[in-house]
Amino acid sequence: MNRSGPQSTELQQLLRLVQERTADLQRVKAEYDNYRKRVRRDRLAVREIAAANVLKALLPVLDAVDRACANEPLTPGLKDIADSLKEQLGSLGVTSFGEVGDPFDPACHEALAHHVSTAIGGLVCSAVLRPGYRLGENLLRPATVEVTGPAPPASSAAPEKRASPAMP
């Protein structure tokens, strides 16, 4: 009897099982790697959201310090508090925006008043009532501004006159 036949099929079965197990192991490893990447990405997103929420809560404090600096005599203590607060927020990536003369962008500006001027071609921020803040590319708060520019286009739809129904 030739023993190479049964040994050959047995060897082929073992090789096939090894290949199947190797493919299973590779698939499980790839799934685990994807899971780790997803968890890392989710943790970073949660951290960014938490930081943004804390910084949003501090914006009224920054506004109060700015108002105090603008309306009160600037004492060394108040100046140190204002400088340190702005420095720490800056180190975290918070930047302020909203300057007089900036073009109005409804995505990052909130207009409270519109002044008509034919001398200006587009809408421009003419007064900054409250600065806006960003954390990196994320908007924490829009800048509150007054805008100056051309009059808004007149509405083309004229009000319809409704006829009163005839009473019998």
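The values are calculated or read from the model by the stated rules, or taken from the named source; none is laboratory data. Given the structure is predicted, the values throughout are model-derived calculations rather than measurements. Here the Cβ is made from the backbone with ideal geometry for all residues, glycine too, and neighbour counts use every protein chain on show. The protein model used for the area step is the full one, side chains on, heavy atoms only, and it has no ligands, DNA or RNA in it. Shrake-Rupley method; radii C 1.70, N 1.55, O 1.52, S 1.80 Å.
Among the residues of region 90-104, which ones are in a loop (DSSP other than H, G, I, E, B) and either in contact with a helix residue (DSSP H, G or I) (Cβ under 6 Å, 6 or more places away or on another chain) or open to solvent by less than 80 Å² (accessible area, probe 1.4 Å) (or both)? Answer for region 90-104, where residues must be in a loop (DSSP other than H, G, I, E, B) and either in contact with a helix residue (DSSP H, G or I) (Cβ under 6 Å, 6 or more places away or on another chain) or open to solvent by less than 80 Å² (accessible area, probe 1.4 Å) (or both): GLY93, GLY98, GLY101, ASP102, PHE104.
Only one of the numbered conditions (1) touching a His at 6+ places or on another chain (Cβ under 9 Å); (2) open to solvent by 90 Å² or more (accessible area, probe 1.4 Å) is violated by GLU87, and that is (1). Considering each residue of region 113-126 in turn, at least one proves to be assigned to a loop (DSSP other than H, G, I, E, B), of a type in the set (A, V, I, L, M) and loosely packed, with under 14 Cβ neighbours inside 10 Å. Within region 71-79, is even one residue loosely packed, with under 15 Cβ neighbours inside 10 Å and at positive phi? No, every residue in region 71-79 fails to be loosely packed, with under 15 Cβ neighbours inside 10 Å and at positive phi. For region 19-30, the count of residues that are in contact with a strand residue (DSSP E or B) (Cβ under 8 Å, 6 or more places away or on another chain) and open to solvent by 50 Å² or more (accessible area, probe 1.4 Å) is zero. Restricting ALA107, ALA64, ALA52 to those that are part of a loop (DSSP other than H, G, I, E, B), closer than 17 Å to ALA143 by Cα and open to solvent by less than 100 Å² (accessible area, probe 1.4 Å) reduces the list to ALA107.
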